[in-house]
Amino acid sequence: MLLIPSLKKKTKHQDILSLPDPPLFYLPLGSYAGDMQVQVAEGQQVQMYQQLAASTGPMSAKVHAPVSGTIVGITEISGDRFLTLKNDFRYTAQQLSPPDVDGMGSAEFLAILAEAAVEGSGGARFPTHLKYNIAPGTLDTLIVNGAECEPYLSADYLLMKTACDNLMRVLQLVQRVLASRKIVFAIERQHRELEKLLLQAAKAFSLTVSVTLLPNAYPQGGELQVIKSVTGLEIAKGTIPAKHGLLVSNVGTLWAMHDAFFDGKPYTERIVTLSGNRSKTLGNYLVKIGTPVGHLLVETGNAWDSDRHSVIIGGPMMGRAAQSPLTPIHKGVGGVLLLEHTNPKAMNCIACGYCVDVCPQRLMPLEFVRHNQEGDLAQLKSYHLDDCIACGACAYACPSDVPLMYHIQSGKAKLQQERRNGQS
Ligand code: SF4
Ligand code: SF4
């Protein structure tokens, strides 16, 4: 693991602010795996919270309208498809009907998560109703993942600080439905001031929770890393934690779950940190899903200017550079960063081994470069490229700026293609 600057100080002490909504929303029609089937027609008027698309497979979630307005059609942005909704600024909403949580069983619990289209807010967007599909009584430890280990990001910190009652209320429900034996908050040591706050809030809800303070290291917040830090258990990538009696839920996901269970509200907004060394304003904002990043920038006194800065959706380590100001905020986006352009000049590998030292998965990233260049898929597999969590720690540590992430992503794409070809 790496010790890297946290760069959170400026945003973690700010409140969560709201911004004016955009005239057009772009709602993602692809999620964790699989696509969505659009259920509305061009020109149709829709209400806020109305379901607009359904999942076509078991691994994706529904799409709901974040505001009322008119369906414009489908827009392609940087190769992905988005349902476009024109905001009428009337906010005519479907009546929300909060479920009766008293006596709720696990089947209804999962149905509500699916109905509200809650997805993991930590990045991967895994549908939450699938994650919580665990036989009641088999869950030993529910780990609340508050380790927001990427630099700059502070959205989860703010939720733990300002919405801890909501988090405890939903944890109380989870504990009743799933009968989890332990609840552990995993937070970074740099946020140790939260410990007292969380324990006090838990007491008010008659919940027994503990707090594990993790080192301020990267990547501490990955599911496998957080499980290892909290329980000491090392589980292989691809293994379902529930098989070990474990469940890891991100703070932002629990917040969205609270809205679903106690307000009957679908997942249509989230907290996003705006930061970076080229951002004129730094802060945390409540942003509706589908808001174009260009709108967020303009409303915060910034601008889309690809000549002057990169716009990163997510954190600086795992985030992706937005190619268009229309690129929208989705349920897994915790940050938007404006960063100075860097043009590192790749040099030859000097076999220093730093990339190996920092890899949390104990892989040999330098070998991925060699075998990807040679197109040797058998060797990529034998060096366990599939176990790579794409955290970027190796690239950060490399003194020669070898394009490790390029070769890792390219190698992963080749392995995926090979698997697809094998299936067809
Ligand atoms: S090889 Fe993968 S898991 Fe290891 S440091 Fe690099 S990106 Fe992270
Ligand atoms: S850190 Fe960079 S230079 Fe060092 S072994 Fe890894 S790829 Fe080579």
Exercise for review: Hey, can you grab everything whose amide H is under 5 Å from the amide H of Glu148? Only 5+ residues off in sequence or another chain; H modelled, so Pro and N-termini drop out.
Suggested key: Glu188
Revision key, fill the gap. Note: Asp140 to Met104 extended length (0.36 nm per residue) minus current alpha-carbon separation gives 10.9 nm
Review point. If you roll a 1.4 Å probe over the heavy atoms of the protein chains, what accessible area per residue do you get for the stretch 267-410, in Å²?
Key: 45 Å²
Check your understanding: Hey, what do the phi angles of the stretch 407-419 turn into as Karplus ³J(HN,Hα) couplings, whole Hz, using 6.51/-1.76/1.60 and θ = phi - 60°, x for Gly and Pro?
Key -> 6, 5, 5, 5, x, 4, 4, 5, 5, 5, 4, 4, 5
Check your understanding: Ignoring the sites themselves, what is the longest stretch of the chain with no chymotrypsin sites (Phe, Trp or Tyr not before Pro) in a DSSP loop and at most 13 other beta-carbon atoms within 10 Å?
Key -> 92-424
Study note, to complete from the structure: Dividing the mean separation of Cα pairs under 8 Å (6+ apart) by the residue count of the stretch 282-424 yields a relative contact order in percent of 20 percent
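By the gyration tensor of its Cα atoms, with a ≥ b ≥ c the square roots of the eigenvalues, what is the shape of the chain: rounded for a/c under 1.5, prolate for a/b over b/c, or oblate?
On the way: a/c = 1.40, a/b = 1.16, b/c = 1.20.
Because its axes are fairly even, with a/c under 1.5, the chain counts as rounded.
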Exercise for review: Using DSSP to define loop residues, name the trypsin sites (Lys or Arg not before Pro) in the stretch 334-387 whose beta-carbon has at most 12 other beta-carbon atoms within 10 Å.
Suggested key: Lys345, Arg362
Study note, to complete from the structure: Accessible-area order for Asp259, Asp376, largest to smallest, probe 1.4 angstrom, reads Asp376, Asp259
Check your understanding: Taking a ≥ b ≥ c as the square roots of the eigenvalues of the Cα gyration tensor of the stretch 22-136, is the shape rounded (a/c under 1.5), prolate (a/b larger than b/c) or oblate?
Key -> oblate
Exercise for review: Label the stretch 238-340 by shape, choosing from rounded, prolate and oblate, from the square roots a ≥ b ≥ c of the eigenvalues of the Cα gyration tensor; if a/c is under 1.5 it is rounded, and otherwise prolate applies when a/b is larger than b/c, oblate when it is not.
Suggested key: prolate
Point to revise | For the chain, calculated [θ]222 nm from helices alone, where every DSSP H run of n ≥ 4 adds -39500 (n - 2.57) | key: -8000 deg cm²/dmol
Exercise for review: Would you calculate the separation in nanometres between label points at Cys349 and Gln416, each defined as 7 Å from the Cα along the Cα-to-beta-carbon direction?
Suggested key: 2.3 nm
**Study point:** GluC sites (Glu not before Pro), loop per DSSP, at most 15 other Cβ atoms within 10 Å - longest free stretch of the chain
**Key:** 43-192
Review point. In the structure displayed, which of Lys161/Lys331; Lys182/Lys381; Lys62/Lys86; Lys8/Lys228 lie more than 26 Å apart, Cα to Cα?
Key: Lys182/Lys381
Review point. With every protein chain left in place, what is the accessible area of Ile240 in Å² (1.4 Å probe, nearest 10)?
Key: 100 Å²
Check your understanding: How high is the relative contact order of the chain, in percent, with contacts defined as C-alpha pairs under 8 Å that are six or more residues apart?
Key -> 18 percent
Check your understanding: Given +1 on the Cβ of Lys and Arg, -1 on the Cβ of Asp and Glu, and no further charges, what dipole in debye does the stretch 178-274 carry about its Cα centre, rounded to the nearest 20?
Key -> 280 debye
Practice item. Take Gln323, project a point 7 Å from its Cα along the Cβ direction, then tell me which residues of the stretch 264-300 have their backbone nitrogen under 17 Å from it. Key: 293-294
Check your understanding: Got a sec to turn the phi values of the stretch 12-23 into Karplus ³J(HN,Hα) couplings, 6.51 cos²θ - 1.76 cosθ + 1.60 with θ = phi - 60°, whole Hz, x for Gly and Pro?
Key -> 5, 9, 9, 7, 7, 10, 9, 10, x, 7, x, x
Exercise for review: DSSP loop (so not H, G, I, E, B), at most 14 other Cβ within 10 Å: list which trypsin sites (Lys or Arg not before Pro) in the stretch 100-183 pass both filters.
Suggested key: Arg181
Check your understanding: Once phi is turned into θ = phi - 60°, what whole-Hz ³J(HN,Hα) does the Karplus curve with 6.51, -1.76 and 1.60 give for every residue of the stretch 183-188, x standing for Gly and Pro?
Key -> 10, 10, 8, 9, 10, 6
Point to revise | Qualifying trypsin sites (Lys or Arg not before Pro) for the stretch 74-108 [loop in DSSP, other Cβ within 10 Å: at most 12] | key: Arg90
**Study point:** Euclidean distance between Cα centres, the stretch 233-310 to the stretch 29-69, Å
**Key:** 19 Å
Review point. For Thr239 and Phe89, what does the FRET efficiency come to when R0 = 45 Å and r is the distance between their Cβ atoms, rounded to the nearest 0.05?
Key: 0.40
Check your understanding: Could you give the nm distance between label points at Met59 and Asp35, where each point is 7 Å from its Cα heading toward the beta carbon?
Key -> 1.6 nm
Point to revise | Charged-residue dipole, Cβ positions (Lys, Arg, Asp, Glu), the stretch 47-206 about Cα centre, Debye nearest 20 | key: 220 debye
Review point. Tell me, what % of the accessible area of the chain is carbon and sulfur with a 1.4 angstrom probe?
Key: 50 percent
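The values are calculated or read from the model by the stated rules, or taken from the named source; none is laboratory data. Note that the coordinates shown come from a computational prediction; the quantities given were computed from them, not determined experimentally. When we count neighbours, we look across all protein chains shown, and the Cβ atoms used for this are built from the backbone with ideal geometry, even at glycine. Ligands, DNA and RNA are excluded from the accessible area calculation, which covers all protein heavy atoms including side chains. Shrake-Rupley method; radii C 1.70, N 1.55, O 1.52, S 1.80 Å.
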